[in-house]
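**Q** Quick one: the structure is below, questions incoming.
The values are calculated or read from the model by the stated rules, or taken from the named source; none is laboratory data. Not measured: the values here are computed from a predicted model. All Cβ positions, even for glycine, are placed from backbone atoms using ideal geometry, and neighbour counts span all protein chains on display.
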Amino acid sequence: MSFIENLKNFLAPPVKSGSGNFITLNIMCNRCKENIKVNLRRTSDISRVYGGHDSPSGASFFVRKEILGNKCNNLIYFKGYFDENLNLISSDITGGKIVD
């Protein structure tokens with residue numbers, strides 16, 4: 001390998017198979033009923049909850065996300081709280097709803 005290839009491999013984040021680096025939510029738009037798959041990256045989209053933050057009991061992480069589908073221009077606002085194992089414990093969503 002060349003020096004540049006070794007440097008790229010050293011600086012690049014490790015590639016993980018599957019969706020282990022993401023939390024996936026399925027959101028349905030209230031206006032057009034489109035199902036939107038939302039991937040929340042564990043390393044950058046989710047923030048730690050610190051003291052003084054209005055959060056539900058047991059919440060360790062939170063995320064705010066604006067979601068826009070392909071079928072209409074309805075902007076969906078999502079705010080969710082997660083426990084230490086990144087399980088969704090509380091959410092507030094405007095313009096859509098979470099579907100299984």
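Residues checked against (1) part of a loop (DSSP other than H, G, I, E, B); (2) under 12 Å from the mean Cα position of the chain (by Cα); (3) of a type in the set (D, E, K, R):
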| residue | (1), (2), (3) |
| --- | --- |
| Tyr50 | yes, no, no |
| Gly58 | yes, no, no |
| Val63 | no, yes, no |
| Glu66 | no, yes, yes |
| Asn73 | yes, no, no |
| Ile76 | no, no, no |
| Gly80 | no, yes, no |
| Ile89 | no, no, no |
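**Q** In the stretch 24-45, what residues are touching a strand residue (DSSP E or B) at 6+ places or on another chain (Cβ under 8 Å), of a type in the set (D, E, K, R) and either surrounded by 15 or more Cβ atoms within 10 Å (Cβ to Cβ) or part of a loop (DSSP other than H, G, I, E, B) (or both)?
**A** Within the stretch 24-45, the subset touching a strand residue (DSSP E or B) at 6+ places or on another chain (Cβ under 8 Å) is 24-30, 34-42, 45.
Going one step further and asking which of them are of a type in the set (D, E, K, R), we end up with 34, 37, 41-42, 45.
Those that are touching a strand residue (DSSP E or B) at 6+ places or on another chain (Cβ under 8 Å), of a type in the set (D, E, K, R) and either surrounded by 15 or more Cβ atoms within 10 Å (Cβ to Cβ) or part of a loop (DSSP other than H, G, I, E, B) (or both): Glu34, Arg42, Asp45.
**Q** Does the stretch 81-100 hold any residues that are small (Gly, Ala, Ser) and modelled with pLDDT of 95 or more, and which are they? Spell out the reasoning first.
**A** The first filter runs over the stretch 81-100 and keeps only residues small (Gly, Ala, Ser), leaving 90-91, 95-96.
Of everything in the stretch 81-100, those that are small (Gly, Ala, Ser) and modelled with pLDDT of 95 or more turn out to be Gly95, Gly96.
Per-residue answers, yes or no, for (1) among the hydrophobic types (A, V, I, L, M, F, W, C); (2) in contact with a Cys (Cβ under 8 Å, 6 or more places away or on another chain); (3) farther than 26 Å from Lys33 by Cα:
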| residue | (1), (2), (3) |
| --- | --- |
| Arg48 | no, no, yes |
| Pro56 | no, no, yes |
| Ala59 | yes, no, yes |
| Asn73 | no, no, no |
| Tyr77 | no, no, no |
| Tyr81 | no, no, no |
| Gly95 | no, yes, no |
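**Q** Here is a further query. List every residue pair whose Cβ atoms lie under 7 Å apart, where the two residues are 6 or more positions apart in sequence or sit on different chains, the first residue falls within the stretch 72-91 and is without any contact (Cβ under 8 Å) to a residue 40 or more places away in the chain and more than 10 Å from Phe62 (Cβ to Cβ), and the second residue, located anywhere, is polar (S, T, N, Q) and exposed (fewer than 15 other Cβ atoms within 10 Å of the Cβ).
**A** Pairs found: Tyr77/Thr94.
**Q** Just one of Ser60, Ser55 is modelled with pLDDT under 90 and of a type in the set (Gly, Ala, Ser); which is it? Walk me through it before giving the result.
**A** Details: Ser60 fails: modelled with pLDDT under 90.
It is Ser55.
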